[in-house]
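The values are calculated or read from the model by the stated rules, or taken from the named source; none is laboratory data. The structure displayed is predicted, hence computed values, not measured ones. We place every Cβ from the backbone using ideal geometry, glycine too, and count neighbours over all the protein chains shown.
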Amino acid sequence: MKALVIYYSRSGNTIIVGKDIAEALRADDEEIVSFEKYKGFFGYIRSGYEAIFKRKSDIAIMLTKVSEYDLVVLGSPNWGGMASPVRTFISENDLKKVKKIAFFCVQGGSGAEKVLSQIEKLTKKPINTLIINAKDIGSRDYKNKIKEFCSKLKKK
Ligand SMILES: Cc1cc2nc3c(=O)[nH]c(=O)nc-3n(C[C@H](O)[C@H](O)[C@H](O)COP(=O)(O)O)c2cc1C
């Protein structure tokens, strides 16, 4: 099974999780790169605004093509909603046509279910989902969660 892991990250946590999933799945992976500025205080406010008002973001052309994979795993940080660069990625790539999809969301502590359901509404039913609290990254519990998530993906 050919798998691809795609993720956007503002402060690095979703990259770590995306890369760990890709390693466990022996999958290709690619980061969504935005040309917009989301760092710092004003960047934080902008991120939240774009997530709440379902705005899009200007993103770089992806090197990978979702149509070449059997499974695409898509990850977003929780910005009080889906991160706007992920929303743009979805609008530019027909994930409905991909055989199998799965999602993950990295959050501070709560609300990631909303992000997962927003992604599902714009794509299709995932074969599995995963929520990670940023503070748990690297812990034994985190490693087990990644392992379990990926072994289910491999079986389905
Ligand atoms: C604008 C904004 C809104 C956020 N809202 C939430 C939230 O509602 N719930 C939560 O648990 N974390 C929230 N967070 C925290 C991020 O989800 C968390 O820091 C995550 O690890 C960021 O991932 P990243 O490092 O890949 O960017 C928010 C972060 C930002 C920037």
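When residues of the range 96-111 are filtered for being within 13 Å of the ligand (Cβ to nearest atom), of a type outside the set (V, I, T) and touching a Phe, Trp or Tyr at 6+ places or on another chain (Cβ under 9 Å), how many remain?
Initial filter on the range 96-111 (within 13 Å of the ligand (Cβ to nearest atom)): 104-111.
Now drop any that are not of a type outside the set (V, I, T), which leaves 104-105, 107-111.
Then drop every residue that is not touching a Phe, Trp or Tyr at 6+ places or on another chain (Cβ under 9 Å), which leaves 104.
Total meeting the criteria: 1.
Could you list, ordered by first residue, the pairs with Cβ atoms under 7 Å in which the first is in the range 21-47 and more than 18 Å from N78 (Cβ to Cβ) and within 13 Å of the ligand (Cβ to nearest atom) and the second is modelled with pLDDT under 95 and part of a loop (DSSP other than H, G, I, E, B), at least 6 apart or interchain?
Qualifying pairs under 7 Å: none.
Scan N128, N133, N93 and give me the residue that is more than 16 Å from the ligand (Cβ to nearest atom) and under 19 Å from K19 (Cβ atoms). I'd like the intermediate steps shown before the answer.
Working: N133 fails: more than 16 Å from the ligand (Cβ to nearest atom); N93 fails: under 19 Å from K19 (Cβ atoms).
After applying the criteria, what remains is N128.
So, in the range 41-73, of the ones that are touching a Gly at 6+ places or on another chain (Cβ under 9 Å) and not in a loop (DSSP other than H, G, I, E, B), which residue ends up surrounded by the most Cβ atoms within 10 Å (Cβ to Cβ)?
V73
Which of the residues belonging to the range 2-15 are more than 8 Å from the ligand (Cβ to nearest atom) and either crowded, with 17+ Cβ neighbours inside 10 Å or small (G, A, S) (or both)? I'd like the intermediate steps shown before the answer.
Within the range 2-15, the first condition is being more than 8 Å from the ligand (Cβ to nearest atom), and the residues that meet it are 2-6.
Matches in the range 2-15: A3, L4, V5, I6.
If you scan the range 106-141, which residues turn out to be in a helix (DSSP H, G or I), of a type in the set (S, T, Y) and either buried (at least 18 other Cβ atoms within 10 Å of the Cβ) or touching a residue at least 60 places away in the same chain (Cβ under 8 Å) (or both)?
Of everything in the range 106-141, nothing turns out to be in a helix (DSSP H, G or I), of a type in the set (S, T, Y) and either buried (at least 18 other Cβ atoms within 10 Å of the Cβ) or touching a residue at least 60 places away in the same chain (Cβ under 8 Å) (or both).
Does the range 75-90 contain any residue that is in a helix (DSSP H, G or I), basic (K, R) and farther than 22 Å from G12 by Cβ?
Here is the first cut: in the range 75-90, the residues in a helix (DSSP H, G or I) are 84-90.
Filter again for basic (K, R), leaving 87.
Those left that are additionally farther than 22 Å from G12 by Cβ: none.
For the range 75-90, residues in a helix (DSSP H, G or I), basic (K, R) and farther than 22 Å from G12 by Cβ: absent.
Suppose we filter S117, S57, S110 for residues that are under 14 Å from the mean Cα position of the chain (by Cα) and of a type in the set (S, T, Y); which single one remains?
On the way: S57 fails: under 14 Å from the mean Cα position of the chain (by Cα); S110 fails: under 14 Å from the mean Cα position of the chain (by Cα).
The unique qualifying residue is S117.
What are the residues in the range 1-21 that are over 16 Å from Y44 (Cβ atoms) and assigned to a loop (DSSP other than H, G, I, E, B), if any? If you could, list the steps in order and put the result at the bottom.
Here is the first cut: in the range 1-21, the residues over 16 Å from Y44 (Cβ atoms) are 1-7, 15-21.
Result: M1, K2.
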